[in-house]
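Since the structure comes first, as structure tokens, the remarks are kept for the end.
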Amino acid sequence: MTDSTKNNSTSYKAPRGVLPILRENFIKPRQISWSYTFFLFSFGILIALILIKLLKNSNFSSTSLVGYALISPIFCVFAYILPAIIAGTKIKSDTWTDNTGIGSLIMAFVSGVPLALVFRTIHNLSAYFHLWSGRTTIFPALFYYCDDTTMLSRITEVLSGCIIPAIGVAILLYGIMWDRISRRGFYYALCIISVVYALAQLNPIDFFSYLFVGAWMCILRDRIGNAWSIVLCLLSMKLTSILTLDIIREIDIYSTQTLSDVDDSFIYSTLPALFFGIILLLLVRRYLNEFKDLYFTSSMADNLDTKNQELYSELPSMPLVCYLPALITGVIIFITIWTILFKGGFL
């Protein structure tokens, strides 16, 4: 081991004083941690919601497809793109853009089909329980309602409701944040990022649905090694959801007020969808496990291994004062946003 490697592997000296600690956490940290990325992400969402709230005071319907198509890029820019630009300036690893072959990306796209089935099943169960409890429906912070089935509206729906946010998710959460947090272990990264992804949707009814989706995308990110598999999976999931809308009944929380309004026939399509969806996802995961074993142990990954070893040597452990304030601030921001959401804000 060289002297430079030894120096890099040791913890650097913690900053002393209020201003150095603030600089290390919120302004210009010497090492970009996942907590700093999380803070930028939460702060970006807060700014985006404030701007969108100001736009909602004008005369346009934010819950229409056209209105959502206008506010979705704003949300993605402030919540995903700008934090990625700020945090990404010091990210020296580009492993999330490595080309691992078209076959793995095709499997990521295919996995979106059963994932859509499981998502809708969990949504139906959550919506049914919510109506059964008699609680007031809490709508997502950002949503649209459209029953127009024309080609133009479908294209707009896929672009604004799927592709644009999916690119932002792939770049920030499963790109930069994954690059930092996954070195602590796969299950550690899965728990953190899937929860962050679900919280960022600002959708109480579908929280557990998005939690499952976020966990599956962690599996894709880990097995394939390419964050763009996330975009393909979410795109396939959205297309499947549109194509199967008449086959697998969905409880519409926007038009359903009481449990008596729910057609019990939804259960006959929901439970089989859950069963087949889980089975198909397990089959895809088995293929991805085999792919990871073959690819990342072959000569094709030699350059990737060398690059990762060099990167790891440049990441000394940080004292709590260097990242804990940013993490706590990000958590407080999310708590504030969700508290406002539960009190009927953002409508």
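Observations
- Value of Rg/Rh across segment 138-227 [Cα atoms, Kirkwood radius]: 1.03
- At 0.890 mPa s and 25 °C, Stokes diffusion of segment 89-204 via Kirkwood alpha-carbon radius, µm² per second: 142
- For segment 121-171, carbon and sulfur atoms together expose 67% of the accessible surface, with a 1.4 angstrom probe and every protein chain in place.
- Length gained when the stretch residue 102-residue 343 is fully extended (0.36 nm per residue, less Cα-Cα span): 82.2 nm
The values are calculated or read from the model by the stated rules, or taken from the named source; none is laboratory data. The structure presented is a predicted model; accordingly, all values stated were derived computationally and were not measured. Remember, those area values only see protein heavy atoms, side chains included, never the ligands or the DNA or RNA. Shrake-Rupley method; radii C 1.70, N 1.55, O 1.52, S 1.80 Å.
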